[in-house]
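See structure below.
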Amino acid sequence: MTQPGSDLHKAIRRRLSFGQTIKAVAWSFLGIRKFSDYEKDISQLNPVYVIVAGVLAAVLFVLGLIVLVNWVLSSGIAQS
């Protein structure tokens, strides 16, 4: 019988690097990921890295949108 949380401890000890996790999260944001790559990611990625990379990517995405909107408004393109 396995102890509660032992699967989580095994998942946290996975060895793929944070850079590989960033790459997988970026492809996921674009939505162009092969199912076989997805299955490989699920079995090899560290879930803590995935959470950190997802939050980081979301923050960068929102900041990028804010910068883009400010640029468009300041350039005069959006004025009528």
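The values are calculated or read from the model by the stated rules, or taken from the named source; none is laboratory data. Only a predicted model underlies this, so the values are computations on that prediction, with no experimental measurement involved. All Cβ positions, glycine included, derive from the backbone under ideal geometry; neighbour counts span all protein chains shown. Ligands, DNA and RNA are stripped out before the accessible areas are found, and what is left, the full protein with its side chains, is counted by its heavy atoms. Shrake-Rupley method; radii C 1.70, N 1.55, O 1.52, S 1.80 Å.
Here are the numbers for this structure:
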quantity: Subset of the range 51-63 (residues that are out of contact with any helix residue (DSSP H, G or I) (no Cβ under 6 Å at 6 or more places or on another chain) and open to solvent by less than 100 Å² (accessible area, probe 1.4 Å)); calculated: VAL52, VAL55, LEU56, ALA58, VAL59, VAL62, LEU63
quantity: Number of the condition not met by ILE66 [criteria: (1) open to solvent by 90 Å² or more (accessible area, probe 1.4 Å); (2) modelled with pLDDT of 80 or more]; calculated: (1)
quantity: Residue within the range 56-74 that is farther than 20 Å from THR21 by Cβ, over 12 Å from the mean Cα position of the chain (by Cα) and of a type in the set (S, T, N, Q) present; calculated: yes
quantity: Pairs where the first residue, in the range 55-80, is closer than 16 Å to SER28 by Cβ and in contact (Cβ under 8 Å) with a residue 12 or more places away in the chain and the second is open to solvent by 90 Å² or more (accessible area, probe 1.4 Å) and among the aliphatic types (A, V, I, L, M), C-beta under 6 Å, 6+ apart; calculated: none
quantity: Residue list for the range 50-63, restricted to those being at pLDDT 95 or above and among the β-branched types (Val, Ile, Thr); calculated: VAL59, VAL62
quantity: Every residue from the range 25-48 that is open to solvent by 80 Å² or more (accessible area, probe 1.4 Å) and either assigned to a helix (DSSP H, G or I) or among the hydrophobic types (A, V, I, L, M, F, W, C) (or both); calculated: TRP27, PHE29, LEU30, ILE32, PHE35, TYR38, GLU39, LYS40, ILE42
